[in-house]
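Enquirer: Let me give you the structure first, and then I'll get to my questions.
The values are calculated or read from the model by the stated rules, or taken from the named source; none is laboratory data. Source: prediction; values computed, not measured. Neighbour counts are summed over all protein chains in view; Cβ atoms, including those assigned to glycine, are modelled from backbone coordinates with ideal geometry.
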Amino acid sequence: MNNRLIKPLVLAIGLACASLTSAATVELTRGIDTKQFDTQRKVCDDLFGYVNATWLKANAIPGDRSTWGSFEQLDEASIHATHDLAQAAAKNLASLAPTSIEAKIGAFYQSGIDAAAANKAGVTPIADWLKRVDSLKSPDEVVAFVHDTHAAGLGLLFNFGGEADFKNSSMEIAYAFQGGLGLPERAYYLEDGKDGSYKKIREAYLAYAAQVLELAGTPKAEATSQATTVLAFETRLANASLAPVELRSPENQYNFVSLDEAQKQNPHFGWNKFFASQNLSDIKGFSLSQPKFFAEVDRMIEQTPVADWRAYLRFKTIDGAAPYLTDALAEAHFGFHGKTLRGQQENQPRWKRVLESVENGMGMAMGQLYVAKNFPPEAKQRAKELVDNLRQATKARLEKLDWMGADTKKKALEKWASFTPKIGYPEEWRKWDGLTIKPDNYFANVAAAAKFNNDWSMAKINKPVDRREWGMTPQTVNAYYNPLQNEIVFPAAILQPPFFDPKADDALNYGGIGAVIGHEILHGYDDEGSKFDAKGNLADWWTKEDREKFDARTAKLVEQFDSYVAIEGLHVKGKLTLGENIADLGGLTMAYDAFKLAQSKSADPTAKIDGLTPDQRFFLNFAQVWRRAFRDAELKRRLNVDPHAPAQFRAIAAPSNLPAFAQAFGCKSGDAMVRDGDRQVKIW
């Protein structure tokens, strides 16, 4: 199960890794090239376009991607770096110790590259699951099947996993979370969308479901009928599901109940038997996070014909396995999930898809190999210095806040004092003993890794939280804040240009990784993170008056983003993206403060480079970090489900609220990039 409250800088699509010494042909952006500026635009009207339009016009989105920009450049470079590691392991397989992580990664990769074997096997790898689905005759048998798929790490109907207890963050408990939908969110089932867009996607989903059912052996007429049943089944689940903006609230993510209470609420599902099937004993309770959803599931177990359950479970089994089976099934899966939903024009080559499977199954093991080869110690030390400076800048801001009362401010500073930064990679690596990987059975390896990881997750439940663990691999181009541990985490892969360069001037580093660091720190004080205290527990540490002042200020940020039109009259959703927007605004503010502190120690704090002042370079690199283009379908999808606003608005929103930006470029009141007076949003 995903860590719902981990607040990443950007939601990754597919594999997201990078290498500091990658052999990839992608040229990373270093420094600022003034020749790239679009001088037909004015920086005071559109910072994003001024910095990025020329580059984006000259660098089209590759066919196998739905987005392209700074993040994706690092991603592409990293894919080649991790590919080198996987290929080397596969090539040297005969000489490696069979139990080593190198051997397991090599065998995993080698098994996936053999497309001929996958095509020859057909759907045989999932034949036992499909045979069992076809044999289901009663609600009890349906429930037992759902239990067993979760134990195998498949999770077809809902999400289930371990997480720190919101009310006692030192202990890990189980969370049951809504799921089971094949479309991005409930609106795609219940609304037609602008110009009938959701309706068209539903029609494509019906066609896709029928296609893969037929490819897996269901007669055509029957496959078409079952696809209709699947859509109706998922529509009922969607009716009982919360929307993405509702799921942002911690109160909608946590609902602790005793096992007996859960059994009474959902008597047909049988939570006692479910926990036993996961090898979980002595469980006093867990978070039944969205009770309305699970109440509906329970009613469906009682009311929905078993034949409908068979259709749904057959399709979900095939859909989940399709990328790892025949070329025909993999292409069908891509045709809907990649092309229809995201606008991606081409499926990734097989080696990239296999590499992604290895990452999904053994990502932290790959990270161990990656760090040993690609992460120099000096990068970690320099990054630590920036983190320390950003933390000091944050403290100074908190202490000087004029709208926050003394009592709340004291608690805010207590939370600041307990922040834990993690940089580069974990102190202790995870063990992979007991995971058997074979060089000649791709799907079996995918399934073995899923089962192994599920067992690992289950084994942590009802035990003290291991604060040494990471929620991202070191090779991930991202960063995150975890409010339950009050920690900010910066994987090794993001510590490179344009975010970070140990050899670059302070302006670039503070405008890049400095803003990222500030972003993650400020998640501790956004509309969600601010509901967790210094120990990581869900607790109200605000006075009523201070919370009202905070809400009034953040409401202006919601209004600002609601006004942005992304595509075809579709606006950014200010409430859905509020947490990220608070973090962007506060993070850039703190980064600028820290930059000024660092600059004050410079021999010549006003020295220009390429005709640009340090302040100008600071804001220009911030915009360069958010260099990114989206395919239309992907942009529309993200507007509905992504808590991050599209990159072009992230690049302009925070700077437009900072007087320092206007001063750096001589912008005047009335310019699009200047929000002054009542329009200015100032929180931290």
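Enquirer: Can you go through Tyr324, Tyr254, Tyr312 and tell me which one is among the hydroxyl-bearing types (Ser, Thr, Tyr), surrounded by 19 or more Cβ atoms within 10 Å (Cβ to Cβ) and under 30 Å from Gly529 (Cβ atoms)? First the steps, then the outcome.
Expert: Values: Tyr324 fails: under 30 Å from Gly529 (Cβ atoms); Tyr312 fails: under 30 Å from Gly529 (Cβ atoms).
Among Tyr324, Tyr254, Tyr312, only Tyr254 is among the hydroxyl-bearing types (Ser, Thr, Tyr), surrounded by 19 or more Cβ atoms within 10 Å (Cβ to Cβ) and under 30 Å from Gly529 (Cβ atoms).
Enquirer: Consider the range 258-291. How many of its residues are buried (at least 16 other Cβ atoms within 10 Å of the Cβ) and in contact with a Pro (Cβ under 8 Å, 6 or more places away or on another chain)?
Expert: 0
Enquirer: Please state which one of Leu639, Leu635 is surrounded by fewer than 20 Cβ atoms within 10 Å (Cβ to Cβ) and either in a helix (DSSP H, G or I) or assigned by TED's automatic domain parsing to the domain that holds Ser197 (or both). Even if it seems obvious, please write down each step before you answer.
Expert: Details: Leu635 fails: surrounded by fewer than 20 Cβ atoms within 10 Å (Cβ to Cβ).
Step by step, each of Leu639, Leu635 is checked, and only Leu639 is surrounded by fewer than 20 Cβ atoms within 10 Å (Cβ to Cβ) and either in a helix (DSSP H, G or I) or assigned by TED's automatic domain parsing to the domain that holds Ser197 (or both).
Enquirer: Further question: With Thr124, Thr67, Thr99 as the choices, which residue is closer than 21 Å to Ala444 by Cβ, out of contact with any Leu (no Cβ under 8 Å at 6 or more places or on another chain) and in contact (Cβ under 8 Å) with a residue 24 or more places away in the chain?
Expert: Numbers: Thr124 fails: in contact (Cβ under 8 Å) with a residue 24 or more places away in the chain; Thr67 fails: closer than 21 Å to Ala444 by Cβ.
Unique residue meeting the criteria: Thr99.
Enquirer: Got a number for residues in the range 104-121 being surrounded by fewer than 21 Cβ atoms within 10 Å (Cβ to Cβ), under 17 Å from Ser357 (Cβ atoms) and either charged (D, E, K, R) or under 29 Å from the mean Cα position of the chain (by Cα) (or both)?
Expert: First pass over the range 104-121, keeping only residues surrounded by fewer than 21 Cβ atoms within 10 Å (Cβ to Cβ): 113-117, 119-121.
From what is left, the residues that are under 17 Å from Ser357 (Cβ atoms) are 113-115, 117, 119, 121.
With either charged (D, E, K, R) or under 29 Å from the mean Cα position of the chain (by Cα) (or both) added as a condition, the list becomes 113-114.
Looking only at that region, the number is 2.
Enquirer: Taking the range 466-490, which residues are out of contact with any helix residue (DSSP H, G or I) (no Cβ under 8 Å at 6 or more places or on another chain), assigned to a strand (DSSP E or B) and crowded, with 24+ Cβ neighbours inside 10 Å? Explain how you work it out, then say what you get.
Expert: Here is the first cut: in the range 466-490, the residues out of contact with any helix residue (DSSP H, G or I) (no Cβ under 8 Å at 6 or more places or on another chain) are 467-469, 471-472, 482, 484-485, 487.
Now drop any that are not assigned to a strand (DSSP E or B), which leaves 482, 487.
Asn482, the sole residue that qualifies.
Enquirer: Here is a further query. Given the conditions (1) in contact (Cβ under 8 Å) with a residue 40 or more places away in the chain; (2) of a type in the set (A, V, I, L, M); (3) part of a loop (DSSP other than H, G, I, E, B), report the number of the one that Leu588 does not fulfil.
Expert: (3)
Enquirer: Considering each of Asp140, Asp75 in turn, give the residue that is in the same structural domain as Asp506 (by TED's automatic domain parsing) and touching a Gly at 6+ places or on another chain (Cβ under 9 Å). Quick ask: steps written out before the conclusion?
Expert: On the way: Asp140 fails: in the same structural domain as Asp506 (by TED's automatic domain parsing).
None of the other options fit; the residue is Asp75.
Enquirer: If you take the residues of the range 663-683 that are part of a loop (DSSP other than H, G, I, E, B) and among the polar types (S, T, N, Q), which of them is surrounded by the most Cβ atoms within 10 Å (Cβ to Cβ)? Show your work before the answer.
Expert: At the first step, the residues of the range 663-683 found to be part of a loop (DSSP other than H, G, I, E, B) are 666-676, 680-683.
Narrowing the set further to residues that are among the polar types (S, T, N, Q) leaves 669, 680.
On the way: Ser669: 9, Gln680: 14.
So the residue we want is Gln680.
Enquirer: So for the range 369-390 (the condition being in contact with a helix residue (DSSP H, G or I) (Cβ under 6 Å, 6 or more places away or on another chain), aliphatic (A, V, I, L, M), farther than 30 Å from Ser600 by Cβ and modelled with pLDDT of 95 or more), does at least one residue qualify?
Expert: yes
Enquirer: Moving on to the next point. Please state which of the following conditions Thr436 fails to meet, knowing it meets all the rest: (1) closer than 27 Å to Asp327 by Cβ; (2) assigned to a helix (DSSP H, G or I); (3) free of Cβ contacts under 8 Å to residues at least 60 places away in the same chain.
Expert: With (1) closer than 27 Å to Asp327 by Cβ; (2) assigned to a helix (DSSP H, G or I); (3) free of Cβ contacts under 8 Å to residues at least 60 places away in the same chain applied to Thr436, the lone miss is (2).
Enquirer: Only residues in the range 154-166 that are in the same structural domain as Leu183 (by TED's automatic domain parsing) count as the first member; pair them with residues that are at pLDDT below 95, Cβ under 7 angstrom, at least 6 apart or cross-chain, and list the lot.
Expert: Taking only residues 6 or more apart or on different chains, the pairs are Asn159/Met1; Phe160/Met1; Gly161/Met1; Glu163/Asn3.
Enquirer: Next question, about the same structure. Where residues in the range 44-55 are buried (at least 20 other Cβ atoms within 10 Å of the Cβ) and within 13 Å of Thr29 (Cβ to Cβ), which of them is farthest from the chain's Cα centre (by Cα)?
Expert: Checked the range 44-55; the qualifying residue farthest from the chain's Cα centre (by Cα) is Val51.
Enquirer: Let me ask something else. Here are some conditions: (1) in contact (Cβ under 8 Å) with a residue 40 or more places away in the chain; (2) basic (Lys, Arg); (3) surrounded by fewer than 23 Cβ atoms within 10 Å (Cβ to Cβ). Lys544 meets all but one. Which one does it not meet?
Expert: (1)
Enquirer: Next question. Determine the pairs where a residue that is under 23 Å from Glu487 (Cβ atoms), located within the range 401-421, has a partner that is β-branched (Val, Ile, Thr) with Cβ atoms under 7 Å apart, the partner being 6 or more residues away or on another chain.
Expert: As it stands, the answer is Thr408/Thr543; Trp416/Thr394; Phe419/Ile488; Phe419/Ile521; Pro421/Val387; Pro421/Ile488, since those pairs meet every condition given.
Enquirer: Also: Determine which member of the set His337, His333 is part of a helix (DSSP H, G or I), touching a Pro at 6+ places or on another chain (Cβ under 6 Å) and not hydrophobic (A, V, I, L, M, F, W, C).
Expert: Details: His337 fails: touching a Pro at 6+ places or on another chain (Cβ under 6 Å).
Exactly one of His337, His333 is part of a helix (DSSP H, G or I), touching a Pro at 6+ places or on another chain (Cβ under 6 Å) and not hydrophobic (A, V, I, L, M, F, W, C), namely His333.
Enquirer: Just one of the numbered conditions (1) over 26 Å from the mean Cα position of the chain (by Cα); (2) modelled with pLDDT under 95; (3) surrounded by 14 or more Cβ atoms within 10 Å (Cβ to Cβ) is not true of Gln87; which one?
Expert: Against the list (1) over 26 Å from the mean Cα position of the chain (by Cα); (2) modelled with pLDDT under 95; (3) surrounded by 14 or more Cβ atoms within 10 Å (Cβ to Cβ), Gln87 comes up short only on (2).
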